[in-house]
1. May I ask you to rank Glu40, Glu667, Glu672 by accessible area, largest first, using a 1.4 Å probe over the protein chains only?
2. For the chain, what is the percent of antiparallel DSSP beta bridges, rounded to the nearest 5?
3. Per residue, what accessible area does the chain have, given a 1.4 Å probe and all protein chains present, in Å²?
4. Provide the packing ranking of 184-193, 406-415, 162-171, i.e. peptides ordered by the mean count of other C-beta atoms within 10 Å per residue, highest first.
5. Per-residue ellipticity at 222 nm for the chain, helices alone: DSSP H runs ≥ 4 residues times -39500 (n - 2.57), over residue total, nearest 500 deg cm²/dmol?
6. Tell me, what is the FRET efficiency for Ser121 and Gln675 to the nearest 0.05, using R0 = 45 angstrom and their Cβ-Cβ distance as r?
7. Starting from the Cα of Glu667, step 7 Å along the direction of its Cβ; do the same at Glu602; then give the gap between the two resulting points in nm.
8. Explain nothing, just the number: dipole magnitude of the chain about its Cα centre with +1 on each Lys and Arg Cβ and -1 on each Asp and Glu Cβ, in debye rounded to the nearest 20.
Amino acid sequence: MHKIFIKLLATLLLSLAAATPACAVDEDGYDLWLRYRPLERAAQARLQPQARTLVLAGKPSPTTQAALKELQRGLQGMLGSAPAVSATIQDGSLVLATPAMLPELATASSPLRAELTALGSEGYLLRKTRLQGHHVTLIAANSDIGLLYGAFAWLRAAVIGAQPEAASAPKLQLRLLNHWDNLDRTVERGYAGASIWDWWALPDITDRRYVDYARANASLGINGTVLNNVNSKPEVLTAAFIAKAAAVADVLRPYGIKVYLSARFSTPLELKETDTADPLSPAVQAWWRNKADEIYRAIPDFGGFLVKANSEGQPGPQDYHRTHADGANMLAAAVVPHKGIVMWRAFVYAHGDDKGTDRAKQAYDEFTPLDGKFAANVMVQVKNGAIDFQPREPFHPLFGGMPKTPLLMEFQITKEYLGFSTDLAYLGTMFEETLHSDTKRAPQGLTVAQVIEGKALPEAARQAGLTGMAGVANIGSDRNWTGHHFDQANWYAFGRLAWDPQASARAIAVEWAAQTFSADARVTAPVVDIMMMSRETVVDYMTPLGLHHMMGTGHHHGPAPWVDNLERPDWNPVYYHRAARDGIGFDRTASGTNALAQYAPEIARQYADPRTTPTQLLLWFHHLPWDYAMPSGRTLWAELLHRYDTGVRGARELQSRWMALRPMIDERRHDEVAQRLRRQVANAELWRNACIAYFQSINGLPLPPGVTPPPKPLDYYKAIQVPYAPGRG
Ligand code: BDP
């Protein structure tokens, strides 16, 4: 009896061990994708001989010290012990070296010489090779920061179990986070607690978290951060705040991350140090030059300014009848002696353009005449789509529309319009969709990714190499940084795509899931499946078939397609969906606003006809009758209902797939995600029911058989309020 019991117990324990990957201990998510949990024995046996000692081939710097420390931390975690740092190369050394440290890498006979040269100043090479007669693993680069990136790449491969043989260099020069963080620590559109920047405590007190923030960003290759909100305040450019920003810059510097600031255009006027903010005023120009000098004295490698001007009530050069180029070039002249840059946002929609025209057209109309007029150190920062970070938008027509100007892509990582940090939506697929879009611009058709890589720029501008991608950060003071554990994946995916805009969202999801939960395929595969279906699910339950901007007023959470009473027409959902008795959708063809004409002729021709417009963008470009025959054989009305139901089913599917993973994920993180998924199902149902009730009130059509009527009358949904929703800043 006793023996049988022990046998049973042993079998039970064995099967539990088989089903439970090594990550079953509760985790709070603080470690992000840099968890370095113990590897399985076989993987340890493979890794150990590659890193018996750590060798830095030259003099240490803060950056190479960070690389060594990270390798020790990672190996300690994965193997249970950290290798010693040694000065001599032996068999089994993991060697970090630049050609300057180890001249033999640069000799004519070195097979690595050409490869290294091609990797530029930030790339890295991981190679098993022979050095000084010893078998070693080499992390090589042309700079210290390349070595740090290489160290992170080597660790990533070790965690995932991939071959640590690679050569990689970033395709974009600027890989930036934009924090919409205010000086009082609130975060505009932030859903993960307060700002991580504790401005009050700075500069004397610097949170340890800043170092972990820097590690996480460096692990992705992010090399710059704009500390404050684009809706900026003048005080950020006063001496006290410059000192605070300098203290942050000091912490981030070893990790290759430069600090930038958002500048309010009227700063000198508001600080009462000039009597105008006119960019052509010599006094204003001198003020900015002196200000730039002051900043660079405190932060010698300061990156430059990000500016939101003449948009949503922000001041700008147009207040003085000057152009965006006049404004940007004035600031550019102030920072150019210090090699700084200006990132001038194209997200503009001005007061006065509310006479029934199209907000989607404004940025293109205002900026294309300025192509070629910006100073060489100005980049125009363009949102991925022409409206505003919607769950789905066609790519912005400015990509490919300003061939002489370096364009900086702006994505929103924080999910202002995709369910905050309560709904699960992996944005890698959304970013990829934009980046892979073919602009059909001459000479041979460039994808958006190629446009931001500078492929369309004239030779001189291409040589200058101003290329980049910015992501509106989703980071806050929450213990797990991003509120939802899966929102860490959006930070991760942004960083990886900023390094390589042509990378695959699925491959990135696999990497992230393997590092964040477990490299065991029984975990990675279903987690990746959840991620890959999540954004389309959100599109289906919020804004299917090209609908957009139907979110609740101000907070942008939850459905409000009925709103029609806001001050500006283009703040109202009814402006965007145009649902009426005769049909639904925004006619942006020649019979409507003709926004379509802003795209390359091939796209304009294709999308002019609803039959050749991608279904997912149909109502973005066309106003169609409710009984329009869809390719599926359904009427448009039936298709819309079908999409809402697909969205709700998708949300339930996300939930059930996650619940099935319960034995494989630590209880804390599993539960924290599970709670949010329950809420997401309710949110999906709310969107479906409210939108169906509303559209039915407009078209008066019956629901086809099999479609469940919304359980409540329209007035019920209209009366829902969400006071104190987060993210208002
Ligand atoms: C909108 C946000 C607003 C931002 C604006 C921007 O609702 O909070 O200030 O974008 O990008 O989507 O400037």
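The values are calculated or read from the model by the stated rules, or taken from the named source; none is laboratory data. Predicted model, so just to flag it, every value in this text is computed and none were measured. Heads up, the Cβs are rebuilt from the backbone with ideal geometry, glycines too, and the neighbour counts pull from every protein chain shown. Just so you know, the surface numbers come from the protein's heavy atoms only, side chains and all, with ligands and any DNA or RNA stripped out. Shrake-Rupley method; radii C 1.70, N 1.55, O 1.52, S 1.80 Å.
1. On the way: Glu40 140, Glu667 115, Glu672 45 Å².
From most exposed to least exposed: Glu40, Glu667, Glu672.
2. 30 percent
3. 38 Å²
4. Details: 184-193: 21.2, 406-415: 26.3, 162-171: 16.7.
Per-residue Cβ counts within 10 Å, averaged per peptide and sorted highest first, yield 406-415, 184-193, 162-171.
5. -12000 deg cm²/dmol
6. Numbers: r = 45 Å, r/R0 = 1.00.
Result of the calculation: an efficiency of 0.50.
7. Taking the two extended label points, one gets 5.8 nm.
8. Computed about the Cα centre, the dipole is about 1580 debye.
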